[in-house]
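Before any comments, here is the structure.
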Amino acid sequence: MSSEPPPGSGQQPPEDDPFRKQPPSGQGAGSPYDSPYGGQQPPYGGEQPPYGGQPPPHGGDPYGGGGHPRDPLAGMPPLADSGKRTLARIIDMILVGIVVWLLTWGFGVREYQMNGDRIEVGKSFAQSLIAAVLYVAYDTVMIAKSGQTLGKKWLHMRVANLDNGATPSVQSALVRSLVLWVPFAFCCACIWTAISGGWSFFDKPYKQGLHDKAGKTVVVSTG
């Protein structure tokens, strides 16, 4: 189980995470930005300002935190193109689909069997179950490990937490994968893939698919 905090917990990602957000340049020690007033004389005639001398509170959670809004994408690479995301997903579907087909063929599991004039749909659930387990496991392990499936790696993209830019935890990656692959495997593969993934073409401002919204993640470019 990952030791990373769940998204939206308010905790910072580990210092050694290469994908954690970086502060804007020029805001190191002694920077006027360290002061809530940018190095200027504080107002209120020396009296105690509101918020204990700190800047007004900002909402730390892009999914509904209080206070003034902020841009959770600040410090992150640009969002990945939705067309490239679709191509990466097709690559992953083909790779895992080959494994699913080999396993179902090896174990004698078929979507349907023809017997004379009858077609028996007796083993379709087993095939769907194998597909769901493999797709969810593949996506969860790869995303929690590096933020990249093979398709995303080859097309220079990665999945990141929306709130801090870090690689998603196992929990976030699992939720994201379940929303994407369980409906795909059991009921409406083409339709659900088009809806869940295609949502990113119209979503603003984060270009999230429905599975991204469930896992509180975004997909960003790596090159």
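Nothing in this text is a laboratory measurement; each read-out follows from the coordinates by a stated rule. From a predicted model like this one, the values you see are computed outputs, not experimental measurements. With ideal geometry, Cβ positions are generated from the backbone for all residues, glycine too; neighbour counts draw on all protein chains shown.
Quick look at the numbers
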quantity	calculated
Peptides 186-196, 159-169, 206-216 ordered by average Cβ neighbours within 10 Å, highest first	159-169, 206-216, 186-196
Full-stretch length increase - Ser124, Val141 - with 0.36 nm per residue and alpha-carbon distance subtracted	3.5 nm
Entries of Lys145/Lys216; Lys84/Lys153; Lys84/Lys204; Lys152/Lys204; Lys84/Lys152; Lys152/Lys207 with Cα pairs more than 19 Å apart	Lys152/Lys204
Label-point gap, in nm, between Ser221 and Phe186 - each point 7 angstrom along Cα→Cβ	3.8 nm
Peptides ranked, highest mean first, by Cβ atoms within 10 Å: ranges 94-103, 175-184	175-184, 94-103
Shape of the range 119-223, Cα gyration tensor, a/c cut at 1.5	prolate
In order through the range 166-176: 3J(HN,Hα) via Karplus (6.51 cos²θ - 1.76 cosθ + 1.60), integer Hz, x for Gly, Pro	7, 5, x, 6, 4, 4, 5, 5, 5, 4, 4
